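Peer 1: Below is the structure I would like to discuss, written out as C-alpha cells.
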Amino acid sequence: MRILYLGINYWPDETGIAPFATGRCEYLAARGHEVIACVGPPYYPRWRVPEGYRRRPFSSERRNGVTVLRSWAYVPRRLGPLRRILHEGSFVCSSLVRALGCARPDLLFVTSPPLGLALSAIALGRFWRVPYVFHVADLQPDAALDLGMLAQGRLVRALYRLEAAAYRSAAMVSTLTEAMRRRIVAKGVAAEKVALLSDWADPRLFSIAPRDSAGVSAARRRFTVAHFGNMGVKQGLEVVLRAAQLTRDDPGIVYLLVGDGAERPSLQAKAREMGLVNVHLMPLQPHGRFHELLAKSDVCLVTQQRTVADVVFPSKVITLLAAARAVIASVGTGSEVARVVERSQAGIVVAPEDPRALAGAVARLRADPAAAARMGRAGRAYALEHWGRERVLRATAGRIAGVLGAAAAAGFPAVEMESTERSGT
C-alpha cells in the first residue's frame, strides 16, 4: 500500500506534532507499506530553520524507510496572527504542488494544524479518487477564538466552513482524546466516523528512576519545579513567574523552564525585570540531557490559559506521567488535562492563571515527598496502560487498514492490501 502523509512538522523537530508524525510514518514503513511524507522544513519550537535547510525550498531525503519530501514554508522569527496565516498558507501552497508530483497513493493521511491542509486533502482526494484520514491534533479555530488570537468575523466563519468540509469529505477523522472526539462529534460528524489515535510515550521515559519518598536531601537543599516544552501563548507561563515571585525568599525552591517558543523572549525579559534569581530558563535540550533534567526534577508543571479546554492535549502530559514525575496542572477544571491528572492520581490540579494556587501546590508537595512519590508511580502506571508505543501504533495501523477496506467497499478504485495482511493488522 502507498500512503502519502501530509503535515507541516516532522523529524528532526523534537517536540509538538513532529515526533508522532515521524513515528507513525516510520512504523507503517516498517510494516511493509510505501510511505511518502510531504512535510515542511524543521523549525519548531525555535521558529528558526537550521542552516542545512535554509536555502533548499524543496528537498528530498530517505530516513528509516520513509521518503521525506520537504516543501518551503515562510518561518517568521516572531509570531502574530497575520504571520501565522502567511506561515501556514505558504506551506499549504508549496506542499500541494509537491504532492501533485507524487505517484497516486492508495491513502492520504493529513494532520491538522494547519487547518489549511484540509484544502489539500479535499483537492488531492478528489483528483486521485482516494480516501483520506484527517487527523486533528489541535482544534485550531476553537483554540484561536478561545485565546483571543482571532475575533468572530468572516475569517473565523471561513475557517469553520473549511473544517466542516474536511470532516464531511474524510473517510475517517481521528483525534487525540475522548474530549476532543466529543467536540468533533458535536460539530455534526457521525460518531462512528471519529476515531481515537492518541500520541504515545517514548519507551525510554519508563527507565527514568522514580523520585523516592525521602524528600529533599540536606546536601541538595533544593526543590526543583520544572516546566518542559513549548513556550507559547497557550501555555500562559507568566503564572510560573508570578508563583516564583511569591516564593523568591525561599532559596530551597527553584523553578526551571526548559524549551523554546514564541513567548520565550518575553518570559526572559519579565524574569529579569522581576529580579527572579530563583527562575532559570534553558533552551531545548538533546534527549539525553532532557531525560537527566527530568530525573532531577521534584515536580513538573503543565500550564494552560484559562480559556483553553478540550481543544488541545499537550503531549508533555504523556511524557511527565511516563517519567514518573508528580504533576501540578494549572489548567481549567473541565479540561482533558485536568481529567487525566485526576483520573490517574498523578498530581494536583489548581486553577489556571492563579500564582498563589500554584505556589501553594508546590509547597504542599515539597512538604510531603511521600505523596509526590506516590503520584509519580500512579502516573507511570497510567501511562503504561494507555500510552504504550507499540499498542498505540498497532491500533493506528489497524484503523488505516479498516479505512482502506471501507473505501474499497464504497467504490473507490481497488488498492493492494497484501502488505497490510502480511503485517497482521
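The values are calculated or read from the model by the stated rules, or taken from the named source; none is laboratory data. These numbers come from a predicted model, not from an experiment. Cβ atoms come from the backbone with ideal geometry, glycine included; neighbour counts cover every protein chain shown.
Peer 1: What is the number of the single condition among (1) touching a Gly at 6+ places or on another chain (Cβ under 8 Å); (2) farther than 29 Å from residue 195 by Cβ; (3) among the charged types (D, E, K, R) that residue 54 does not meet?
Peer 2: Checking residue 54 against (1) touching a Gly at 6+ places or on another chain (Cβ under 8 Å); (2) farther than 29 Å from residue 195 by Cβ; (3) among the charged types (D, E, K, R), the one that fails is (1).
Peer 1: So, one more: From 337, 327, 350, which residue is more than 14 Å from the chain's Cα centre (by Cα) and either modelled with pLDDT under 95 or more than 18 Å from residue 224 (Cα to Cα) (or both)? Full working, then the answer.
Peer 2: Numbers: 337 fails: more than 14 Å from the chain's Cα centre (by Cα); 327 fails: either modelled with pLDDT under 95 or more than 18 Å from residue 224 (Cα to Cα) (or both).
350 is the lone residue from the list that is more than 14 Å from the chain's Cα centre (by Cα) and either modelled with pLDDT under 95 or more than 18 Å from residue 224 (Cα to Cα) (or both).
Peer 1: In the stretch 153-177, what residues are surrounded by 15 or more Cβ atoms within 10 Å (Cβ to Cβ) and not in a helix (DSSP H, G or I)?
Peer 2: 170, 171, 172, 173, 174, 175, 176, 177
Peer 1: For the stretch 224-325, please list each of the helices (runs of 4 or more DSSP H) lying entirely inside it that holds at least 3 residues being in the same structural domain as residue 344 (by TED's automatic domain parsing), out of contact with any Gly (no Cβ under 8 Å at 6 or more places or on another chain) and among the charged types (D, E, K, R). Spell out the reasoning first.
Peer 2: Working: elements: 238-246, 264-273, 287-296, 316-322.
Of the helices (runs of 4 or more DSSP H) lying wholly inside the stretch 224-325, those with at least 3 residues that are in the same structural domain as residue 344 (by TED's automatic domain parsing), out of contact with any Gly (no Cβ under 8 Å at 6 or more places or on another chain) and among the charged types (D, E, K, R) span 264-273, 287-296.
Peer 1: If you scan the stretch 326-359, which residues turn out to be touching a residue at least 12 places away in the same chain (Cβ under 8 Å), among the aliphatic types (A, V, I, L, M) and assigned to a helix (DSSP H, G or I)? It would help to see each step written out before you state the result.
Peer 2: Within the stretch 326-359, the subset touching a residue at least 12 places away in the same chain (Cβ under 8 Å) is 326-337, 339-341, 343-359.
Imposing the further condition that a residue be among the aliphatic types (A, V, I, L, M) reduces the set to 326-329, 331, 337, 340-341, 346, 348-351, 357-359.
Listed by number, the residues that qualify are 337, 340, 341, 357, 358, 359.
Peer 1: Hey, another quick one. Here is a list of conditions, (1) assigned to a loop (DSSP other than H, G, I, E, B); (2) closer than 18 Å to residue 232 by Cα; (3) over 17 Å from the mean Cα position of the chain (by Cα), and residue 44 meets all of them except one; can you say which number that is?
Peer 2: (3)
Peer 1: Could you tell me which of the residues 161, 157, 181 is under 21 Å from the mean Cα position of the chain (by Cα) and at pLDDT below 95?
Peer 2: One residue alone meets the criteria, 181.
Peer 1: Which members of the stretch 63-82 meet the condition of being in contact (Cβ under 8 Å) with a residue 40 or more places away in the chain and among the small types (Gly, Ala, Ser)?
Peer 2: Of everything in the stretch 63-82, just one residue is in contact (Cβ under 8 Å) with a residue 40 or more places away in the chain and among the small types (Gly, Ala, Ser), namely 73.
Peer 1: Then there's this: Please name all residue pairs, on different chains or six or more residues apart, with Cβ atoms under 7 Å, provided the first residue is in the stretch 360-387 and is touching a residue at least 12 places away in the same chain (Cβ under 8 Å) and the second residue is surrounded by fewer than 16 Cβ atoms within 10 Å (Cβ to Cβ) and part of a loop (DSSP other than H, G, I, E, B).
Peer 2: Cβ pairs passing all conditions: 369/213; 369/214; 370/213; 373/212; 373/213; 375/345; 378/345.
Peer 1: Could you tell me whether any residue of the stretch 212-223 is over 23 Å from residue 323 (Cβ atoms), within 18 Å of the chain's Cα centre (by Cα) and either in a loop (DSSP other than H, G, I, E, B) or of a type in the set (D, E, K, R) (or both)?
Peer 2: no
Peer 1: For residues that are among the polar types (S, T, N, Q) and either assigned to a loop (DSSP other than H, G, I, E, B) or touching a helix residue (DSSP H, G or I) at 6+ places or on another chain (Cβ under 9 Å) (or both), scanning just the stretch 1-41, find the one that is surrounded by the fewest Cβ atoms within 10 Å (Cβ to Cβ). Write out each step before concluding.
Peer 2: Keep residues of the stretch 1-41 that are among the polar types (S, T, N, Q), which gives 9, 15, 22.
With the extra rule that they be either assigned to a loop (DSSP other than H, G, I, E, B) or touching a helix residue (DSSP H, G or I) at 6+ places or on another chain (Cβ under 9 Å) (or both), the set shrinks to 9, 15.
Details: 9: 25, 15: 22.
Per the stated criteria, the residue is 15.
Peer 1: Could you grab me the full set of residues in the stretch 185-211 that are surrounded by 14 or more Cβ atoms within 10 Å (Cβ to Cβ), in a loop (DSSP other than H, G, I, E, B) and among the small types (Gly, Ala, Ser)? Can you show your working first?
Peer 2: Pass one, the stretch 185-211, residues surrounded by 14 or more Cβ atoms within 10 Å (Cβ to Cβ): 185, 187, 189, 193-202, 205-206, 208, 210-211.
Of the ones still in play, those that are also in a loop (DSSP other than H, G, I, E, B) are 187, 189, 197-202, 208, 210-211.
Across the stretch 185-211, the qualifying residues are 198, 201.
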